[in-house]
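The values are calculated or read from the model by the stated rules, or taken from the named source; none is laboratory data. Since the model is a prediction, treat every value here as computed from it, not as a measurement. Here the Cβ positions follow ideal geometry from the backbone for every residue, glycine too, while neighbour counts run over all protein chains shown. Side chains are part of the model used for accessible areas, which takes the heavy atoms of the whole protein and leaves out ligands, DNA and RNA. Shrake-Rupley method; radii C 1.70, N 1.55, O 1.52, S 1.80 Å.
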Amino acid sequence: MENKVFAYGRVSSKDQNEARQLEVFKSLNINERDIYIDKQSGKDFNREKYQILKGNLRSNDLLVIKSIDRLGRNYNMILDEWRDITKNIGADIRVLDLPILDTSKNKELLGTVITDIVLGLLSYVAEQERTFINQRQREGIDIALKNGVKFGRPRIQKPDNFDEVINEWKNKKITARQAMILLNLKSNTFYNMVKNIEN
C-alpha cells in the first residue's frame, strides 16, 4: 500500500481564514481530500477533523503542518501527540516553518534527539507566549474596569411610558404583544424588564 501525505491546518475560530494554510498545502501537491482543517481553539486535541485525520494515519505516512502552533498550543499535549504519531503510529511529521522538525529526514538517533529538543523548546515558548497574552489581556481588563469601562451590551433603558403600559397589561386591558409594540421592545427584553421590576 502506498504511503500517503496528509496536511493539517487550524484556525482558532469560525470567522478566521484558513486560505493561507490551504494555499501552502496545495502548492506542495497534497491532494485536497487529504487536507484537514479545524476551525477551533488549540487548547486540546478534541477536534473533529484532527481526530479523523489521526484515524487515517498509517505507518510511514507523512503529516505536514505549517507551524507547530497549528498542531496545538499546550506544551505537554503537543509533545504527547508528536510521540503518539511518530512512535505509536509510526508516521512522520514535517513542520514547514521549521525544516529541522522533519522526522522523515532525521531518522538517525542524533536527528531524533535534536528534533525532540527543538520541539520541546518551541512548544514551551508557544505556551509561555499564550500565558503572557492571557495575562496582558487580564491586566488590561482589570485596568479598564477600575477606570469605569463597562463590558458587554449596554443596558436598554426603561421606556418613559413603561409603568403605564405595564399596568394596562396587568389589568388585562391590552395584550402582551400590544404592550411590546407600545414600548418598542422585543419579547425577551420586555419579559426581562417585567421580571426585574417584580424582583
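List of remarks:
- Every Cα-Cα pair in the chain was counted, and those over 20 Å apart are 67% of them.
- Only DSSP H runs of four or more residues enter the estimate; each adds -39500 (n - 2.57), and after division by the residues of the chain the mean residue ellipticity at 222 nm equals -15500 deg cm²/dmol.
- Cross-link pairs beyond the 29 Å C-alpha cut-off, checked among Lys14/Lys66; Lys49/Lys186; Lys172/Lys195; Lys39/Lys195; Lys43/Lys195; Lys49/Lys105: Lys49/Lys186; Lys39/Lys195; Lys43/Lys195
- In the context of the full set of protein chains, residues of the stretch 62-148 present 58 Å² of accessible surface per residue (probe radius 1.4 Å, heavy atoms only).
- Binned Cα-Cα distances of the stretch 32-109, short to long, each 5 Å bin given as a whole percent: 3, 15, 26, 31, 19, 5, 1, 0
- Within straight-line reach of Lys158, meaning a Cα separation under 20 Å, sit the following aspartates and glutamates at least 8 residues removed in sequence or on another chain: Glu168, Glu198.
- Ignoring the sites themselves, the chain has its longest run without GluC sites (Glu not before Pro) in a DSSP loop having at most 13 other Cβ atoms within 10 Å at 3-107.
- For the pair Ser187 and Phe151, label points projected 7 Å from Cα toward Cβ lie 3.1 nm apart.
- Relative contact order (percent, whole number), the chain, Cα cutoff 8 Å, 6+ residue spacing: 15
- Accessible area of the stretch 131-199 belonging to carbon and sulfur atoms, whole % at 1.4 Å probe: 50
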